[in-house]
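Below is one structure, written out as C-alpha coordinates; comments come after it.
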(Lines give C-alpha, C1' and ligand atoms only; values in the text may rest on other atoms or scores of the structure.)
Protein backbone atom coordinates (compact mmCIF):
# COMPACT_ATOMS: atom_id res chain seq x y z
CA UNK A 1 0.00 0.00 0.00
CA UNK A 2 1.38 3.38 -1.00
CA UNK A 3 0.21 6.52 0.75
CA UNK A 4 1.48 9.92 -0.39
CA UNK A 5 1.40 12.84 2.09
CA UNK A 6 0.20 16.27 1.04
CA UNK A 7 -0.96 19.59 2.50
CA UNK A 8 -4.08 21.69 2.00
CA UNK A 9 -5.63 24.85 3.37
CA UNK A 10 -7.90 23.64 6.19
CA UNK A 11 -10.88 25.58 4.78
CA UNK A 12 -10.43 23.91 1.38
CA UNK A 13 -10.29 20.53 3.14
CA UNK A 14 -13.28 21.07 5.45
CA UNK A 15 -15.65 22.85 3.08
CA UNK A 16 -14.59 22.53 -0.54
CA UNK A 17 -12.84 19.20 -1.12
CA UNK A 18 -14.79 17.30 -3.72
CA UNK A 19 -17.24 20.16 -4.21
CA UNK A 20 -15.16 23.00 -5.70
CA UNK A 21 -15.53 23.63 -9.41
CA UNK A 22 -12.20 22.57 -10.92
CA UNK A 23 -11.16 20.71 -7.78
CA UNK A 24 -8.72 21.55 -5.01
CA UNK A 25 -4.95 21.40 -5.01
CA UNK A 26 -3.05 19.13 -2.67
CA UNK A 27 0.47 20.53 -2.29
CA UNK A 28 3.58 18.37 -2.02
CA UNK A 29 4.98 20.38 0.88
CA UNK A 30 3.84 22.81 3.54
CA UNK A 31 6.18 25.35 1.96
CA UNK A 32 4.39 25.04 -1.42
CA UNK A 33 1.02 25.42 0.32
CA UNK A 34 2.16 28.58 2.11
CA UNK A 35 3.51 29.97 -1.16
CA UNK A 36 0.09 29.67 -2.86
CA UNK A 37 -2.25 30.21 0.12
CA UNK A 38 -1.29 33.17 2.29
CA UNK A 39 -4.41 32.46 4.37
CA UNK A 40 -3.09 29.34 6.13
CA UNK A 41 -1.88 31.18 9.22
CA UNK A 42 -5.51 32.21 9.74
CA UNK A 43 -7.32 29.22 8.15
CA UNK A 44 -5.02 26.44 9.27
CA UNK A 45 -3.21 23.62 7.54
CA UNK A 46 -4.56 20.14 6.94
CA UNK A 47 -2.13 17.31 6.29
CA UNK A 48 -3.71 14.74 3.99
CA UNK A 49 -2.77 11.35 2.60
CA UNK A 50 -3.65 10.34 -0.94
CA UNK A 51 -3.76 6.80 -2.25
CA UNK A 52 -5.09 4.81 -5.18
CA UNK A 53 -8.67 3.54 -5.24
CA UNK A 54 -7.36 -0.01 -4.85
CA UNK A 55 -5.30 0.89 -1.78
CA UNK A 56 -8.26 2.79 -0.31
CA UNK A 57 -10.56 -0.20 -0.85
CA UNK A 58 -8.01 -2.49 0.82
CA UNK A 59 -7.65 -0.14 3.79
CA UNK A 60 -11.43 0.15 4.24
CA UNK A 61 -11.83 -3.63 4.05
CA UNK A 62 -9.07 -4.27 6.60
CA UNK A 63 -10.40 -1.66 9.01
CA UNK A 64 -14.02 -2.76 8.88
CA UNK A 65 -15.21 0.82 8.26
CA UNK A 66 -18.89 1.17 7.32
CA UNK A 67 -18.62 2.92 3.94
CA UNK A 68 -21.93 4.73 4.51
CA UNK A 69 -20.21 6.83 7.21
CA UNK A 70 -17.59 8.25 4.82
CA UNK A 71 -18.32 11.83 3.76
CA UNK A 72 -18.74 12.02 0.00
CA UNK A 73 -16.75 15.24 -0.19
CA UNK A 74 -13.67 13.40 1.10
CA UNK A 75 -13.78 10.75 -1.60
CA UNK A 76 -12.40 11.41 -5.05
CA UNK A 77 -14.44 10.99 -8.23
CA UNK A 78 -12.85 7.59 -8.93
CA UNK A 79 -14.56 6.25 -5.82
CA UNK A 80 -17.70 8.35 -5.45
CA UNK A 81 -20.21 9.47 -8.04
CA UNK A 82 -23.52 11.21 -7.43
CA UNK A 83 -25.23 8.76 -9.77
CA UNK A 84 -23.80 5.53 -8.33
CA UNK A 85 -22.77 6.51 -4.81
CA UNK A 86 -19.87 4.53 -3.36
CA UNK A 87 -18.33 2.44 -6.11
CA UNK A 88 -16.94 -0.69 -4.50
CA UNK A 89 -14.28 -2.74 -6.19
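Just a few scattered comments:
- Helices (runs of 4 or more DSSP H) fully within the stretch 12-68 that include at least 2 residues being in the same structural domain as residue 2 (by TED's automatic domain parsing) and over 15 Å from the mean Cα position of the chain (by Cα): 30-36, 40-43.
- The single condition among (1) in contact with a helix residue (DSSP H, G or I) (Cβ under 9 Å, 6 or more places away or on another chain); (2) closer than 16 Å to residue 3 by Cβ that residue 58 does not meet is (1).
The values are calculated or read from the model by the stated rules, or taken from the named source; none is laboratory data. Here the structure is a predicted model, which means the values were calculated and not measured. As a convention, Cβ positions derive from the backbone with ideal geometry for all residues, glycine included, and neighbour counts pool all protein chains shown.
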